[in-house]
Amino acid sequence: MGKYDKLLLRILQGQSDGSIAFDDLCQLLVRLGFDERIRGSHHIFRKSGIEEKINLQRDGNQAKPYQVRQVRNILLKYHLGGMNNGNLG
């Protein structure tokens, strides 16, 4: 299991929302097919077929816990991540 598979699993389990590295979360979203746009301190992620946009901001080196929960809700709602086949996407 690779780094981003493990990160995805941690996010989906919801047991460590306060300890997710911001840069790792951004890279995970890009690997899942989201387009990233940066405006100031806001990292905005959009993906075709996904109604919601994801707006992330740093909290030091970490992602904000409530934003990790928002990402988890979107991943679950749209069945993103493909953990059943062992690959992201």
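Per the Debye calculation on the chain with a single equal scatterer at every Cα and no solvent contribution, log₁₀ I(q)/I(0) for q = 0.11, 0.21, 0.24 Å⁻¹ amounts to -0.26, -1.01, -1.36.
Other residues lying with their Cβ under 11 Å from the Cβ of LEU80 contribute a combined charge of +4, Lys and Arg counting +1, Asp and Glu -1. For the chain, the 222 nm mean residue ellipticity estimated from helices alone, with every DSSP H stretch of n ≥ 4 adding -39500 (n - 2.57) and the total spread over all residues, rounds to -11500 deg cm²/dmol.
Neighbours of ARG58 by Cβ distance under 11 Å: Lys/Arg scored +1, Asp/Glu scored -1, total -1.
Phi-derived couplings, Karplus 6.51 cos²θ - 1.76 cosθ + 1.60 at θ = phi - 60°, listed residue by residue for segment 59-70: 10, x, 8, 9, 7, 6, x, 5, 6, 4, 4, 4 Hz, with x used for Gly and Pro.
With contacts taken as Cα pairs under 8 Å at a separation of at least 6 residues, the chain carries a relative contact order of 34 percent. Close amide H partners of ILE20, meaning residues 5 or more places away or on another chain with modelled amide H under 5 Å apart, are ALA63. Rolling a 1.4 Å probe over the heavy atoms of the protein chains gives the chain an accessible area of 59 Å² per residue. May I ask you to list the GluC sites (Glu not before Pro) in segment 7-82 that are in a DSSP loop and have at most 15 other Cβ atoms within 10 Å of their Cβ? In loop regions of segment 7-82 (DSSP not H, G, I, E or B), the sparsely surrounded GluC sites (Glu not before Pro) are GLU51, GLU52.
The values are calculated or read from the model by the stated rules, or taken from the named source; none is laboratory data. Remember, it's a predicted structure, so these values are computed and weren't measured experimentally. Cβ: placed from backbone, ideal geometry, glycine included. Neighbour counts: every protein chain shown. All accessible areas refer to the heavy atoms of the entire protein, side chains included, with ligands and DNA or RNA removed. Shrake-Rupley method; radii C 1.70, N 1.55, O 1.52, S 1.80 Å.
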